[in-house]
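Q: Before anything else, here's the structure in question.
What follows draws every value from the coordinates through simple rules; no lab data is involved. The structure presented is a predicted model; accordingly, all values stated were derived computationally and were not measured. Positions of Cβ are backbone-derived with ideal geometry, glycine not excepted, and every protein chain shown enters the neighbour counts.
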Amino acid sequence: MTRYGMRCSGIRFGISALALAAGALFLVPSASAAVFNVEPIRIDLGPDRLTATATLSTPGSEPLLVEAEAFRWTQEDGEERLEPAMDLIVIPPVFTLEPGAEQTLRIGLPSPPSDASGNGRRQSEVTWRLLLTEVPDETVERAGVSFTLRLSIPVFFTPPGARPELEWSLERRDDGRVDVGLANVGTAHAHVLDLQVLSAAGSETESESVGEGVEPRAVAGRGGYILPGAARSWVLPAEAVGGASRVRLRAPTRGGGEVTGEVRVPAPAVP
């Protein structure tokens, strides 16, 4: 397969690390069922802000035992990886959440993370996941199938000047489908919402660029975080680009921004 690209500025954890990164919560089978809320849904730290707090509450009628754990969060080869973290401190690590009451969690670093050699200040963003897990009461018998709630909160330490830098790439498969990649070669994360094909040109029927209020040619809805040094990919049907020689792509980002770029399309494989 031929690949084209362009640049634009801008221990694996066993229980579904991918689910943790794709969404803030997931459910696992358990002998109990519970609900609890947490604010904020992400934590941002920096050289001048080494500590933060999160507030938990439950609308339920029974007390909940909750465990809080910190994991270093990375992405590699399209997979989410979580490693137990010793540098991010969470207090209290275990607590009882009473109905109608609030519990404050304190999250912090003893010092700014250093680089791999231990010299100087780290210039690239560091990322963790804060896992909040209901600990079921094994002494209570409940009828039917129920679930344990687990929340995953992203935590970012972003040094001054760190920013994402994203590169588009595109490959055409032998069956005509297209792989679109968005790699982050910058020093801070990006949070993309989806992938949109705005226009395709150079084909027998030239397609005009999409203007405001006009639907894109194709949309792939799976977005998410792209950490520094990582990438996200989408598979589009062949008709999304047709016989075009170049396409214009857009990825809306959290906060109302977007990443756009025009990428060359390899010619279809000759039978």
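Q: Measuring from label point to label point, each 7 Å out along Cα→Cβ, what is the residue 69 to residue 219 span in nm?
A: With each label point 7 Å from Cα toward Cβ, the separation is 3.7 nm.
Q: Still on this structure, I have one more. Show me, for segment 49-60, the HN-Hα J-couplings you get by feeding each phi into the Karplus relation (A = 6.51, B = -1.76, C = 1.60, θ = phi - 60°), rounded to Hz, glycine and proline as x.
A: After applying 6.51 cos²θ - 1.76 cosθ + 1.60, I find 8, 8, 10, 7, 10, 9, 10, 10, 8, 9, x, x Hz.
Q: Separate question: For residue 106 paired with residue 50, estimate the spin-label separation in nm (one decimal), with each label point 7 Å from Cα along the Cα-to-Cβ line.
A: 1.3 nm
Q: Based on the Cβ-Cβ distance of residue 175 and residue 114, what FRET efficiency does E = 1/(1 + (r/R0)^6) give at R0 = 51 Å, to the nearest 0.05? Write out the running numbers ahead of the final one.
A: Working: r = 48 Å, r/R0 = 0.93.
After rounding, the FRET efficiency stands at 0.60.
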